[in-house]
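Data first, discussion second: the structure below is written as structure tokens.
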Number of protein chains: 2
Amino acid sequence: MSLLAVGSMAFDAIETPFGKVNKIVGGSATYVAYTASNFIKPIQLVSVVGEDFPKETVADLESRGADFAGVERIAGKKSFFWSGKYHLDMNTRDTLVTDLNVLADFDPKLPEAYRETEYLMLGNLDPAVQLKVIEQMTRRPKFIVLDTMNFWMDIALPGLQEVLKKVDALMVNDSEARQLSGQYSLVKAAKAIMKMGPRFLIIKKGEHGALLFHEDKVFFAPALPLEEVFDPTGAGDTFAGGFIGHIAHTHDISFENMKTAIIVGSAMASFCVEKFGPEKLKMLTRYDIDMRIQDFVNLVNFDIQLV
Amino acid sequence: MSLLAVGSMAFDAIETPFGKVNKIVGGSATYVAYTASNFIKPIQLVSVVGEDFPKETVADLESRGADFAGVERIAGKKSFFWSGKYHLDMNTRDTLVTDLNVLADFDPKLPEAYRETEYLMLGNLDPAVQLKVIEQMTRRPKFIVLDTMNFWMDIALPGLQEVLKKVDALMVNDSEARQLSGQYSLVKAAKAIMKMGPRFLIIKKGEHGALLFHEDKVFFAPALPLEEVFDPTGAGDTFAGGFIGHIAHTHDISFENMKTAIIVGSAMASFCVEKFGPEKLKMLTRYDIDMRIQDFVNLVNFDIQLV
């Protein structure tokens, strides 16, 4: 089994009520790779970076099973840069800077060896770029997960709608689900979105957990109540990495297994927010992950013996 | 086993995006009685009503096992009246009218037969009134649950702090937990509040579920994702009624059983919001309740076989 992850590899500057970093490695593909590598190898990456992207990060990810054959490094140019500041509630943030740099002309080219990969994670990017990746697959992947955001709904809705028809699962947050569907109720929103293409819909609610919809079924995974959320940057991508990593590893796309995958994603995201950027993800052991998943079992497990 | 429930019995006028009622029976003790009576009888009520409170409601609740010996009916006066309007998100509302009426001079008097009751639910009222009830118990109840609100934190904090020392469990919403503790993180808020007296803390998050804290343990129950939330009025009291009703019925105050009680409370609250006021609660069968609790099992149950 292998996993193909497409997305940004970038630098972030982050300010939260707890601190500030001026330049830390980020990007959706980076978070997915750090996370999913706990569950599956290799992770075939498709991205674009500038000449400033750290060779140490590349080496670190390669040692974890990431394959950089599909990552283009462009000389004389800079990597994508994002800067944001979180509010006290950590659920909202202001974007201060978005320098697309090399991402502006990203034209993904899949190495031959990637084109029959069974699990495909399409990180948040222009839907046109996501579509190009799908079109280069010579065999339809067993499972395609799409991440997107309100920005693409605003400026590239037709393109997004086209990609939606070609994927198995969509991952969005609650306000994006409402925007895409025009429905306030998340149950109604889910029904509407599943008619647009994806058979599975995951609605991320940040500190309020995540919902998985499929046909007439729904599953809910809470977020772990934490004493301190230090930096939410990358939590959604980490969630995605844990989700797809578990599915690719188990090679099982049943609804039952997808529930476990949602818990794995939630557990990984709960680590991510404990330090700046992907720092915490770099230091995890398999034991840490197992213990954290057990925390989720304890958090929601109850005895149904009623009387 | 029996349950003593103290609280308001009142009229509400409610406007939601889905409709409007000018006068419907409400009040915390009313919701607790309608809900808990599915699990335990008798329910000893302590409240005060005006001469306008419907005899039909009294008869209906009596037929369900409510005992009105502790409910004072004051001739020539009106019952407590509250009017509110919900915003589209249903999580926020404006209070339009609060006419205390008979509640202004509420001086609870416990009938002799109530004074050794083992389970005590103190609905949201002036902490001084809640204290008077506790002081009239000739035997310390096995379990006391206190509901309160930000209003009392604003104007009667010392009284509230005094009552907090005498109860086992506190039930508040997330913003109230933050206000009472001065902590933004709910985990930190819970630790601070449990030092004020209650060994158990329940934080209600409306559509985002509920958290139960005890010592270093935490349990989370989601709210059921519903297609339509018609009217949230009374959902918190219904939750309380299901929670204390299950505990009184099972006569078990272990953390494990309290988890089940939280699920029962969540299930009952999910019914409450489906119609105006307590209308839906009046028509429930035991089968409806069992099926709804099964929905919660399906919603959160997952296979922990990881690999």
Note to self: So, restricting to strands (runs of 3 or more DSSP E) that lie completely within the stretch B:191-289, which ones have at least 2 residues that are within 18 Å of residue B:147 (Cβ to Cβ)?
What the structure shows: B:200-204, B:210-214
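Give the residue that is nearest to residue A:4 (Cα to Cα), with candidates limited to residues of the stretch A:104-162 that are among the aromatic types (Phe, Trp, Tyr) and assigned to a helix (DSSP H, G or I). I'd like the intermediate steps shown before the answer.
Looking only at the stretch A:104-162, we keep the residues that are among the aromatic types (Phe, Trp, Tyr), and these are A:106, A:114, A:119, A:143, A:151-152.
Checking the rest, the ones that are also assigned to a helix (DSSP H, G or I) come to A:114, A:151-152.
Numbers: A:114: 7, A:151: 24, A:152: 22 Å.
Ranking the candidates gives A:114 first.
Could you look through the stretch B:149-176, keep only residues that are among the charged types (D, E, K, R) and farther than 28 Å from residue B:257 by Cβ, and pick out the one that is nearest to the other protein chains (Cβ to nearest Cβ)? Steps first, answer last, please.
Step one: list which residues in the stretch B:149-176 are among the charged types (D, E, K, R), which gives B:154, B:162, B:165-166, B:168, B:174, B:176.
The next check asks that each one be farther than 28 Å from residue B:257 by Cβ; those that pass are B:154, B:162.
Details: B:154: 21, B:162: 28 Å.
Looking at residues that are among the charged types (D, E, K, R) and farther than 28 Å from residue B:257 by Cβ, I get B:154.
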Checklist line | Restricting the stretch A:281-296 to residues that are within 11 Å of chain B (Cβ to nearest Cβ) and without any contact (Cβ under 8 Å) to a residue 12 or more places away in the chain, the residue that is farthest from residue B:295 (Cα to Cα) | finding: A:290
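Taking the stretch A:1-60 only, how many residues are assigned to a loop (DSSP other than H, G, I, E, B), at pLDDT 95 or above and more than 19 Å from the chain's Cα centre (by Cα)? Show your work before the answer.
Let us first name the residues in the stretch A:1-60 that are assigned to a loop (DSSP other than H, G, I, E, B), namely A:1-2, A:7-9, A:17-18, A:27, A:37-42, A:51-54.
From what is left, the residues that are at pLDDT 95 or above are A:7-9, A:27, A:37-42, A:51-54.
If we keep only those that are more than 19 Å from the chain's Cα centre (by Cα) as well, we get A:51-54.
Number satisfying all stated conditions: 4.
What number of residues within the stretch A:49-92 satisfy the criterion of being closer than 30 Å to residue B:178 by Cα, of a type in the set (D, E, K, R) and in contact (Cβ under 8 Å) with a residue 60 or more places away in the chain?
Let us first name the residues in the stretch A:49-92 that are closer than 30 Å to residue B:178 by Cα, namely A:83-92.
With the extra rule that they be of a type in the set (D, E, K, R), the set shrinks to A:85, A:89.
Narrowing further to those that are in contact (Cβ under 8 Å) with a residue 60 or more places away in the chain: A:85.
Total meeting the criteria: 1.
Of all residues in the stretch A:238-257, which are hydrophobic (A, V, I, L, M, F, W, C) and either touching a residue at least 60 places away in the same chain (Cβ under 8 Å) or away from chain B (no Cβ under 11 Å) (or both)?
A:239, A:240, A:243, A:244, A:247, A:248, A:253
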Check: Which residue, of A:67, A:60, A:52, is surrounded by 19 or more Cβ atoms within 10 Å (Cβ to Cβ) and either closer than 24 Å to residue A:284 by Cβ or not hydroxyl-bearing (Ser, Thr, Tyr) (or both)?
Finding: A:67
Next item on the list: Please determine, by comparing only the residues of the stretch A:89-112 that are of a type in the set (A, V, I, L, M, F, W, C) and surrounded by 13 or more Cβ atoms within 10 Å (Cβ to Cβ), which one is nearest to the other protein chains (Cβ to nearest Cβ).
Entry: A:90
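Looking only at the stretch A:177-199, which residues are surrounded by fewer than 21 Cβ atoms within 10 Å (Cβ to Cβ) and more than 10 Å from every other protein chain (Cβ to nearest Cβ)?
Hits for the stretch A:177-199 are A:178, A:179, A:182, A:192, A:194, A:195, A:196, A:197, A:199.
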Item checked: Residue in the stretch A:268-279 that is within 14 Å of chain B (Cβ to nearest Cβ), of a type in the set (Lys, Arg) and in contact (Cβ under 8 Å) with a residue 40 or more places away in the chain present -> no
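Output yes when any residue across the stretch B:35-51 is touching a Pro at 6+ places or on another chain (Cβ under 6 Å) and farther than 20 Å from residue B:233 by Cα, and no when none is.
Filtering the stretch B:35-51 for residues touching a Pro at 6+ places or on another chain (Cβ under 6 Å) gives B:46.
After this cut, where a residue has to be farther than 20 Å from residue B:233 by Cα as well, the list is B:46.
Yes: the stretch B:35-51 contains one or more residues that are touching a Pro at 6+ places or on another chain (Cβ under 6 Å) and farther than 20 Å from residue B:233 by Cα.
Is it the case that some residue within the stretch A:205-212 is more than 9 Å from every other protein chain (Cβ to nearest Cβ) and either touching a helix residue (DSSP H, G or I) at 6+ places or on another chain (Cβ under 7 Å) or basic (Lys, Arg) (or both)?
The initial filter retains those residues of the stretch A:205-212 that are more than 9 Å from every other protein chain (Cβ to nearest Cβ), namely A:206, A:210, A:212.
Then keep just the ones that are either touching a helix residue (DSSP H, G or I) at 6+ places or on another chain (Cβ under 7 Å) or basic (Lys, Arg) (or both); that gives A:210, A:212.
Within the stretch A:205-212, one or more residues are more than 9 Å from every other protein chain (Cβ to nearest Cβ) and either touching a helix residue (DSSP H, G or I) at 6+ places or on another chain (Cβ under 7 Å) or basic (Lys, Arg) (or both).
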Margin query: Checking residue B:183 against (1) assigned to a loop (DSSP other than H, G, I, E, B); (2) within 27 Å of residue B:250 (Cα to Cα); (3) among the polar types (S, T, N, Q), only one condition comes out false. Which one?
Written below: (2)
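Out of the stretch A:290-307, which residues are assigned to a loop (DSSP other than H, G, I, E, B) and either among the charged types (D, E, K, R) or touching a strand residue (DSSP E or B) at 6+ places or on another chain (Cβ under 6 Å) (or both)? Talk me through it step by step, then tell me what you get.
Here is the first cut: in the stretch A:290-307, the ones assigned to a loop (DSSP other than H, G, I, E, B) are A:301-307.
Within the stretch A:290-307, A:303 is the sole residue that qualifies.
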Note to self: Can you tell me which of (1) in contact (Cβ under 8 Å) with a residue 40 or more places away in the chain; (2) more than 8 Å from chain A (Cβ to nearest Cβ); (3) closer than 15 Å to residue A:301 by Cβ is the one residue B:261 doesn't meet?
What the structure shows: (1)
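The values are calculated or read from the model by the stated rules, or taken from the named source; none is laboratory data. Because the structure is predicted, anything quoted here is derived from the model rather than measured. Every residue, glycine among them, receives a Cβ derived from its backbone with ideal geometry; neighbour counts consider all protein chains shown.
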